[in-house]
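One structure is given here, and the rest of the page talks about it.
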Amino acid sequence: MAVAQTTATLETAETQLRFEAGPNAPRLSSLQNGTLAWKNRAAETLIPAAEIAGRSVPVEWKFNPAASHTDKSLVRFVYDAASPHLRLTWEWQVRSGHGPIEHQIRIENRDSPEVWLPLENSFVFDWQTSAQDKLEQFYVEKGADTPSAAGTHLVSVHDGYEWEGTSSTYAHPRSGEAREIIPYFLVERADGAQSGWYVGIEFSGRTHLTLARKGESLHGEVGLNPNPGPFRTRLKPGEVFETPRMFVGATSGGPDATANVLRRWVRDVLTNQDAWKDPHYPLAVNNSWGGGMAVNEEIALRMIRDSAELGLEMFHIDAGWFRGVGDWYPDPKKFPHGLQPIADDAHARGLKFGLWVDWTQAALDTEPGALNIRDPEVRGWLTTDLPAAWKPEEFKGQTIDIGAPKAKAWALRETDRIVTDYKLDMLEHDGYLVAQGCDASDHPHAAPDPLNKCTYRDAGSIFVRSSNSTDVSYYAARAYYDVQSNLHRQHPGLLLEICNDGGRMIDFGSAAHGDYFSITDTYDPLSNRRAFYDTSFVLPTAMLETYVERWPAPEIENFRYMLRSGMMGWLTIMLDTTAWDEQQHAAAKEEFQLYKSQLRPLIRDANLYHISERPDGVRWDGMEYFDPQTRRGVVYAFHGSIETEAEHKFFLRGLQAASRYQLRFHDHSASDQIVAGDELMKTGLGVRLPFANSSEIIFLEELPAQTPSSQAAAKGGPA
Ligand SMILES: [Zn+2]
């Protein structure tokens, strides 16, 4: 083991962090990208007190150099408290040569009594700034429910600025509440170099990030959401409390340049590598929700035939297949032979088989195996007592608290049974898996404060909010991760779709425990493009699923526009393909082939550039992928509803100014041509589309540099 020092450095290609171990607290002292440094004046605030048997006891932390460790990829500074006997491990880790550096604090109870801890932040910062520094903050919302009119925010950070962003698995845009963000933001200098830094949280429980500027101070905190407080969490003897793991990175070049590093880092460091090993990832999928709850054996078998014929790769049964909420067995009236013949038929036709389940929901079914709220044991797992007249909705019941050990054990068994019995290649979870608050006093989390508690009803569920909400989410999110990890471990190759009521659980913790996200619950072309525009600033685009639903498409151009609005990330259609006419059928088949053969390799590996304003459905918008390895790229061009602007110029990025590019207009809206990189970036790529709500796909290929002899050959001169 290397000798511990009181200072240490960690670095990746973009980020250099310096650390100091003070006698009573450690700190990140500076963050640097190239020559520009951000100096941090804040020491990490280590909890100053704990609670034992109802009494507050001061905690005095002392650096323990012997237990500390530093090397090229890890800095671990250990602080001990004598009474109560606690050990705090402050750790930073490099897991990739590129991208951000991760951080976590762990507090272990080495004493014999149970100890209650107040909130320990994941990270606090107080960067020194000067009044001349023009700063901007960049952050994006979750596409939960419907993407808002804004979605992506770039705001000036002036003196007196105060901001808070929150994330949970709820993301309810309830009245008076701000929309939730993907727990991430970027701060950059508003100058040409756009040098800055970014932070993100790898946790799906209730978290927040703050940013404020006052005088020479740019400060904030990152971690569990302290509100509604006061937060307290139990630590039994031998137990360890872990702050949500977070990351911080230095950057320059703005949101796209940052995202092109961050997305790759998320893919390499956080995500399930098994999924990426399949060259067909992200898949082209047919989902049954186009017909809603009405799915049955006959419809499913017909959809499988049509999916195979269309070249789709997975058949996905959405809600409607089960006996009842919490009763995850096939409805015998709809599926008299169960789901196995469906799975077998899909497999026989070369398709994967996926299934929707809302596996934390309990309801009233009494069949064996059903999660029944009146069962005395299940009742103990609920987040609140339900009135006698309570009834579930069609596919929503009451969330159990999987943070309770027996409820979690049930979820581990039940999800494993579902995957095994129904021969699943993909399990989609929907609904709220992480309880928002909980009344129970015999679960591991803190009990609620009866004087500071509210309950409300929404779509079949009763929710509790109290001082213990964050602690409840701390336990439940970790249990959720254990269930997801167990499925990946038991069923190699199994894909896990994170739906959670469409786009409410988009964060880096779930990215590490699932394979793709439903990024919004609204599926028209504009909502799909908006949700993609926002989310693609943060997460790998292969993981970003947009469901394509039926949308008025009088012309074939409108039909392609509808499909392509969902073809920039993971493609799932939610359409009755048997209602298509012959022309639409042929066009769709061609689009799916295009997706699989030419678009998918770029979605997996290429850099992404947001080459327009955020889509508004009226003006033009577009996206560019370009892969510097293969020197190929694509531009998705969308012409909104405005009729008067028949031509639009997209200013491309990420190209070589001196190189020449072969352009191929897939729909032949223009003839193929060779254009200089310089021109594509400065004068722009002109796209001409006469129809409203239409699209074009333009492929780019960088041509090899011309040598004098090849130039001569091209001119037909002497060899
Ligand atoms: Zn509970």
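Write down Rg/Rh for region 235-285, rounded to two decimals, with Rg from the C-alpha atoms and Rh from the Kirkwood relation over Cα pairs.
Across region 235-285, the Cα-based Rg/Rh ratio is 1.18.
The calculated P(r) of the chain, using every Cα pair and 20 Å bins from 0, goes 17, 48, 30, 5, 0 in percent.
Ranking Gln128, Ala178, Ile107 by Cα position along the charge dipole of region 98-213, where only Lys, Arg, Asp and Glu carry charges on their C-beta atoms, puts Ala178 farthest toward the positive end.
Here region 212-333 is described by how far its Cα atoms reach on the three principal axes: 67, 43, 32 Å, from widest to narrowest. Region 494-569 and region 417-436 have Cα centres lying 19 Å from one another. Radius of gyration (Cα atoms) of region 257-390, expressed as a multiple of 2.2 N^0.38 Å: 1.35. The Cα-based radius of gyration and maximum Cα-Cα distance (Dmax) for region 472-604 are 16.4, 53 Å. Rg/Rh for region 579-631 stands at 1.10; both radii use Cα atoms, and Rh follows the Kirkwood definition. Projected over all directions and averaged, the alpha-carbon convex hull of region 549-592 occupies 2.8 nm².
Distance from the C-alpha centroid of region 188-254 to that of region 324-380: 39 Å, rounded to the whole angstrom.
Here's the picture: charge each Lys and Arg Cβ at +1 and each Asp and Glu Cβ at -1 in region 13-78, and of Phe77, Ala49, Leu31 the one pushed furthest to the positive end of that dipole is Leu31. Rg and Dmax, both from the Cα atoms of region 465-505 and both in Å, are 13.0, 40. Computed over the Cα atoms of region 73-188, pair by distinct pair, the Kirkwood hydrodynamic radius stands at 18.0 angstrom. Per atom type, the chain shows carbon and sulfur on 50% of its accessible surface, probed at 1.4 Å. Taking a sphere under 9 Å around the Cβ of Gln436 and counting the other residues whose Cβ falls inside, with K and R at +1 and D and E at -1, yields a net charge of +2.
How much area per residue is accessible in region 49-194 when the probe is 1.4 Å and only protein heavy atoms are counted (Å²)?
I get 40 Å² per residue for this part.
With all pairs of separate Cα atoms included, region 350-433 yields a Kirkwood hydrodynamic radius of 13.6 Å. Ordering Ala275, Ala190, Thr251 by the projection of their Cα atoms onto the charge dipole of region 156-284, which places +1 on the Cβ of Lys and Arg and -1 on the Cβ of Asp and Glu, puts Ala275 at the extreme positive end.
Sorting 495-506, 433-444 by average packing, meaning the other beta carbons within 10 Å per residue, from highest down gives 495-506, 433-444.
Using Cβ point charges alone (K and R +1, D and E -1), the dipole size of region 255-297 about the Cα centre works out to roughly 180 debye. Summing charges over all other residues whose Cβ lies under 12 Å from the Cβ of Ser156, with Lys and Arg as +1 and Asp and Glu as -1, gives -1. Take 65-77, 534-546, 639-651 and order them by the average number of nearby Cβ atoms within 10 Å per residue, most first; the result is 534-546, 65-77, 639-651. Gyration tensor analysis over the Cα atoms of region 564-719 returns equivalent ellipsoid semi-axes of 30, 18, 16 Å (largest first, whole Å).
Rounded to the nearest 20 debye, the dipole magnitude of region 41-184 is 340 debye, with +1 charges on Lys and Arg beta carbons, -1 on Asp and Glu beta carbons, and the Cα centre as origin. Taking all Cα pairs closer than 8 Å and separated by 6 or more residues, the relative contact order of region 138-277 comes to 23 percent.
With q set to 0.20, 0.22, 0.29 Å⁻¹, the log10 of I(q)/I(0) for region 620-661, from the Debye formula over equal scatterers at the Cα positions, is -0.70, -0.78, -1.07. Under the convention that each Lys and Arg Cβ holds +1 and each Asp and Glu Cβ holds -1, the size of the dipole of the chain around its Cα centre is about 1380 debye.
Remark: relative contact order (region 516-596) = 30 percent; criterion is Cα-Cα distance under 8 angstrom and separation of 6 or more residues. For region 1-147, the normalised intensity computed at q = 0.12, 0.13, 0.18 Å⁻¹ comes to -0.61, -0.70, -1.07 (log10 of I(q)/I(0), Debye sum over alpha carbons, equal scatterers, no solvent).
Can you tell me the relative contact order of the chain? Whole percent, Cα pairs under 8 Å, sequence separation 6 or more.
Numbers: 1789 pairs, mean separation 75.5, N = 719.
This gives 11 percent for the chain.
For Arg550, neighbours were defined as the other residues whose beta-carbon sits under 12 Å from its Cβ, and their charges (Lys and Arg +1, Asp and Glu -1) total -3.
Sorting the segments 659-672, 564-577 by their residues' average number of neighbouring beta-carbon atoms within 10 angstrom, most packed first, yields 564-577, 659-672.
Dividing the Cα radius of gyration of region 428-544 by its Kirkwood radius returns 1.03 for Rg/Rh.
The DSSP beta bridges internal to the chain are antiparallel in roughly 85% of cases.
The values are calculated or read from the model by the stated rules, or taken from the named source; none is laboratory data. Model, not experiment: these values are computed from the prediction. Cβ coordinates were reconstructed from backbone atoms using ideal geometry, including for glycine residues, and neighbour counts include every protein chain displayed. Accessible surface areas use protein heavy atoms only, side chains included; no ligands, DNA or RNA. Shrake-Rupley method; radii C 1.70, N 1.55, O 1.52, S 1.80 Å.
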